[in-house]
Amino acid sequence: MSQAMDQLGDLDIFARVVATKGMSSAGRELGFSAAVVSKRIRRLEERLGVRLLQRTTRQISLTEAGQGFYERVVSILASIEEAEAWVARGSSVARGVLRVSAPTSFGRLHIAPHLKAFLDRYTAVTVDLDLSDSFVDVVGEGFDVAIRIADLADSSLVAKRLAPNNRVLCATPAYLARHGEPQSLADLARHTLLVHNADHWRLSGPDGPVTVPISAPLRTNSSEVVREAVLAGIGIALRSTWDIGPELQAGQLQTVLPDYGGSHRVAVYAVYPSRRHLEQKVRAFIDYLGELYAPTPYWDQGLAR
C-alpha cells in the first residue's frame, strides 16, 4: 500500500512540474527541494522506461510520450479528487442503508411509528429494521446500531443513553378486587406473579435493591405474552411504562407497591461499535431518537410519579 501511495505521489509531482513549467516552482508548491523533485521524476521515468520531459537549462518540455502520459495522469488525479470530495460530502450527509436492531415490542411501539418522519427528513437513507428480543452481535452481524434496554454499565460497545426505562408493578383493578392489594413485598407471596425467562424480580426500593423469588403458574419466553396475561387479569407483572403507559392512564392497569420498581440502572440505549468515523446516517438516527424521547419520554408524560 505504501509503495502504491508513493507511486501516486510521483504522478502528482509530475503533473505539478508540467503545470508550473519547472522543478523549482513545483517544489515550492509541494514543499520539496528542486533536487527531490528531479529525483522523483527520474524514478518515474525509470519505472516507465521512457523519457517524459526534455530538460534544458532554461525550460522543461514534454516528450511525445510525456504528453500522452500527462493527459492520462491529469484525468486520474481529477478522478481521485472527485472521489475524495464525494466521501467528504458523504460524511456530512446522511445516506445509505442503515441496519438497526431493536427489541420486538419497543421497536414496534416506539421506533416503527416514527420512521416516516425520519425518512422524510433523511431522504437518502434506507432503514433495514430487525426486531428481536435477543442481544445480537452488532459487529459480527453487520448492524450499524442496536437499541437495547438493559444495564450497560460494562458494555464493550459505545452506549448512548436515550431514555430512562421506568418499570412498575401493576395489575388490573379486577384482579386486585378479587385477591386484595398487596401492602408489602411479603404479601406478594400469596399472589400470582407474571414473568418471562426468569424466576425472580430484581427491584429497587426505599432500602435499595431487593430480589423477589417467583413461582408462577405461567411460563413463557415472550414479554408480550406477559403483557397480555396481566391485562387479562391473571396476576401482577413488572412492566415498563413505555409498554403499558396508556393502560395505566386509562385505568385498565393499576400500580401496585409504588415504592418499588425496576432497577434504575436499566435504561434505553443506542449501542454502536465506535465513536471514530461514525457515519452520518448512524449519528442522525441516534440523535433523532434522542430528540424524540428526551428530556422526558412521551410515554411517561401524564403518569403519576
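Each reported figure results from applying straightforward, stated rules to the coordinates on display, with no laboratory input. In this text the structure is predicted, and so the values were computed from the model without any measurement. For neighbour counting, all protein chains shown are included, and Cβ atoms are generated from backbone atoms with ideal geometry for every residue, glycine included.
In the neighborhood of SER101, defined by Cβ-to-Cβ distances under 13 Å, what is the net charge if each Lys or Arg adds +1 and each Asp or Glu adds -1? Display every interim value, and only then the final one.
Values: positive: ARG99, ARG148; negative: ASP128, ASP130, ASP133, ASP137, GLU141, ASP144.
For residues surrounding SER101, the net value is -4.
Kindly point out which whole DSSP H helices in the chain project their C-alpha atoms 24 angstrom or further along the helix axis while averaging a Kyte-Doolittle hydropathy of 0.0 or above.
The answer, listed by residue number, is 2-20, 64-92.
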What aspartates and glutamates does LYS281 reach when the alpha-carbon gap must be under 19 Å and sequence neighbours fewer than 8 apart in one chain are set aside? GLU84, ASP120, ASP128, ASP130, GLU141, ASP144, GLU291
Cα-based reach from LYS21 at 17 Å (exclusive), listing lysines while leaving out same-chain residues under 8 positions away: LYS39
Which of the trypsin sites (Lys or Arg not before Pro) across the stretch 138-237 are loop residues per DSSP, with 12 or fewer other Cβ within 10 Å? ARG219
Restricting to the chain, compute how many DSSP beta bridges are antiparallel as a %, nearest 5. 75 percent
Just to check, using Stokes-Einstein with a Kirkwood Rh over alpha carbon pairs, what's the diffusion coefficient of the stretch 167-262 at 10 °C and 1.306 mPa s in µm²/s? 120 µm²/s
Using 7 Å Cα-to-Cβ label points, what is the ARG58/GLU29 separation (nm, one decimal)? 2.3 nm
